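Notes for the one structure printed next.
Just so it is clear, none of the values below were taken in a lab; they were calculated from the coordinates. Because the structure is a prediction, the values reported are computed rather than measured. Note that we place each Cβ from the backbone using ideal geometry, even for glycine, and neighbour counts take in every protein chain shown.
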Amino acid sequence: MELPQSEVSHYLEEVEDIDLHIELFTCFNFYREFSDAINYNMSLADKKREELNSSISEMAKNGEINISKLQMEKEKIGMKFVETEKYYVKKKSCWNEFYDKDMLRKFNEVLIRLNDEIETVKLIKQNGY
């Protein structure tokens with residue numbers, strides 16, 4: 001289960017260690033971009049483009065060529081192609097960043113630092129400081 005963005009932001013604002021704060025935001029931002037990129041269904045987008053192409057072919061075969069309808073269908077195909085291309089580039093970029101910046105190691109390091117911060121806060125609260 002994922003926390004709503006406002007709750008995540010609230011918790012991040014409570015972190016007092018500025019360096020950790022920055023690292024957490026960096027990790028969350030990367031996660032959001034990476035998640036968005038890898039969750040885009042390129043196969044479904046390709047299928048939708050194929051359906052639009054079939055629709056145009058069907059219109060032509062049936063003699064139902066309506067220039068404005070044809071133009072709209074071609075624009076939809078173009079927009080779907082641009083969207084797919086954008087996500088392909090984004091997905092490739094995110095994977096490159098994941099490996100080049102060793103994000104898994106970074107996530108682990110930030111998690112350890114965050115757990116240390118939580119333990120420190122717990123100790124402070126228990127001791128009444």
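Could you work out how much longer the chain between Val121 and Asn108 gets when fully extended? Use 0.36 nm per residue separation minus the Cα distance between them, nm to one decimal. Spell out each step's value before the answer.
Working: separation 13, 0.36 × 13 = 4.68 nm, distance 1.99 nm.
Once the chain is fully extended between Val121 and Asn108, it gains 2.7 nm.
Along the positive direction of the dipole of the chain (beta-carbon charges: Lys, Arg +1; Asp, Glu -1; about the Cα centre), which of Met103, Phe25, Val15 reaches farthest?
It is Met103, whose Cα lies furthest towards the positive end.
Using only Cα atoms, find the angle between the long axis of helix 5-14 and the longest principal axis of the chain, and express it within 0 to 90 degrees, rounded to the nearest 10.
Computed tilt is about 20 degrees.
What's the FRET efficiency of Phe28 with Ser57 using the Cβ-Cβ distance as r and R₀ = 35 Å, to the nearest 0.05? Show your work: numbers first, answer last.
Working: r = 45 Å, r/R0 = 1.30.
In this case the efficiency is close to 0.15.
Expressed as an acute angle from 0 to 90° and rounded to the nearest 10, what is the orientation of the C-alpha long axis of helix 18-39 relative to the principal long axis of the chain?
20 degrees
Please give the contour-minus-distance gain from Lys48 to Ile65: 0.36 nm per residue of separation, less the Cα-Cα distance, rounded to one decimal in nm.
Numbers: separation 17, 0.36 × 17 = 6.12 nm, distance 2.03 nm.
Stretched fully, the Lys48-Ile65 segment lengthens by 4.1 nm.
Compute the distance in nm between two label points, each set 7 Å from the Cα along the Cα-to-Cβ direction, one at Met72 and one at Tyr88.
2.8 nm
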